[in-house]
Amino acid sequence: MSLSRNQIKWVTSLQIKKFRQKYHKFLVEGDKIVRELLENPEWRISELYALEPWIRDHGAGQEPGTVFPVTEEELKRISAMQTPNQVLAVVDKRETREDPEVLQKDLSIYLDGIQDPGNLGAILRIADWFGIRHVILSPETVEVYNPKVIQASMGAFLRVEFPVLEIQELRNKYPEVRIFGADLEGQDVFDHEASPGIGMLLVIGNEGNGISDPVREILEGRLTIPPAATASGAESLNAAVAAGVLCAVLRRAYARDI
């Protein structure tokens with residue numbers, strides 16, 4: 001049976017932030033990520049739209065009336081992707097949770113006004129790769145449930161907590177946590193000395209403006225990635241690339257034992 005006009009309108013509305021907020025739902029697309037969702041009890045899929053072969057292989061066990069077979073053309077009409085991949089899920093949002101013990105003892109990331117969905121998705125992947133459990137977002141940072149962020153995260157949003165908090169709220173709740181910002185004028189990250197048993201928050205600033213003044217005032221220090229002696233003119237690194245390099249260095253300093 002073909003999708004109705006109302007179904008198409010409903011699903012595509014979730015590509016827009018105000019409707020995601022209104023209905024507390026978001027979209028996840030692609031075979032691999034949706035199969036991961038099906039195996040994760042912390043997330044609830046309310047509707048599945050998929051090609052019939054995919055439903056035969058993976059759709060068993062879903063609640064009656066929640067799985068809708070679609071043609072490739074229909075999938076294109078409801079998809080936010082240029083090249084849809086077999087299945088689209090409508091998923092209930094869930095509250096993300098802080099783990100105070102982890103925040104107080106381990107390495108975490110704070111994103112101060114990151115606007116590019118691709119950067120946020122990539123940073124979630126980086127955190128997942130290095131076993132960093134929290135990527136905390138300032139209220140000005142792009143929403144995780146943006147379809148482009150979800151796609152760029154490649155499923156990392158399932159394994160990383162991403163609460164939205166003001167930096168001052170974090171400072172008040174966890175006064176012992178050391179807060180350092182990524183900055184071109186900072187200390188060489190390779191010279192940074194970790195404090196065993198004390199958590200660290202790594203701040204990554206906005207792509208164009210860097211770390212905001214209210215956040216900068218709270219920093220204990222600033223860290224930079226030194227260029228090679230043979231570098232020939234690059235002014236800076238992309239926010240996600242910088243986060244990846246810094247996390248690779250700091251993960252060794254803040255080896256997790258929690």
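Screening Val142 with (1) hydrophobic (A, V, I, L, M, F, W, C); (2) touching a residue at least 60 places away in the same chain (Cβ under 8 Å); (3) in a loop (DSSP other than H, G, I, E, B); (4) touching a Pro at 6+ places or on another chain (Cβ under 8 Å) gives one miss only, at (2).
Of all the residues in segment 48-62, those that are over 28 Å from the mean Cα position of the chain (by Cα) and within 16 Å of Lys25 (Cβ to Cβ) number 0. On the given criteria, is Leu201 in a strand (DSSP E or B), surrounded by fewer than 19 Cβ atoms within 10 Å (Cβ to Cβ), touching a Ser or Thr at 6+ places or on another chain (Cβ under 7 Å) and not assigned by TED's automatic domain parsing to the domain that holds Asp31? Criteria not met by Leu201. Looking at Ile109, Ile123, Ile150, Ile198, just one residue is touching a strand residue (DSSP E or B) at 6+ places or on another chain (Cβ under 9 Å) and modelled with pLDDT under 95, and that residue is Ile198. When you check Gln62 against the structure, is it polar (S, T, N, Q) and either crowded, with 19+ Cβ neighbours inside 10 Å or modelled with pLDDT of 95 or more (or both), yes or no? Answer is no for this residue.
Quick check, is Glu193 under 24 Å from Asp213 (Cβ atoms), outside the structural domain of Ile33 (by TED's automatic domain parsing) and either of a type in the set (S, T, N, Q) or surrounded by fewer than 19 Cβ atoms within 10 Å (Cβ to Cβ) (or both)? When the stated conditions are applied, Glu193 does not pass them.
Scan Ala152, Ala50 and give me the residue that is among the hydrophobic types (A, V, I, L, M, F, W, C), without any contact (Cβ under 8 Å) to a residue 60 or more places away in the chain and either in the same structural domain as Val241 (by TED's automatic domain parsing) or touching a Ser or Thr at 6+ places or on another chain (Cβ under 6 Å) (or both). Full working, then the answer.
On the way: Ala50 fails: either in the same structural domain as Val241 (by TED's automatic domain parsing) or touching a Ser or Thr at 6+ places or on another chain (Cβ under 6 Å) (or both).
Going through Ala152, Ala50 in turn, the sole match is Ala152.
Of all residues in segment 145-183, those that are among the polar types (S, T, N, Q) and surrounded by fewer than 16 Cβ atoms within 10 Å (Cβ to Cβ) total 2.
The values are calculated or read from the model by the stated rules, or taken from the named source; none is laboratory data. What you see is a predicted model; the values in this text were computed from it and never measured. As a convention, Cβ positions derive from the backbone with ideal geometry for all residues, glycine included, and neighbour counts pool all protein chains shown.
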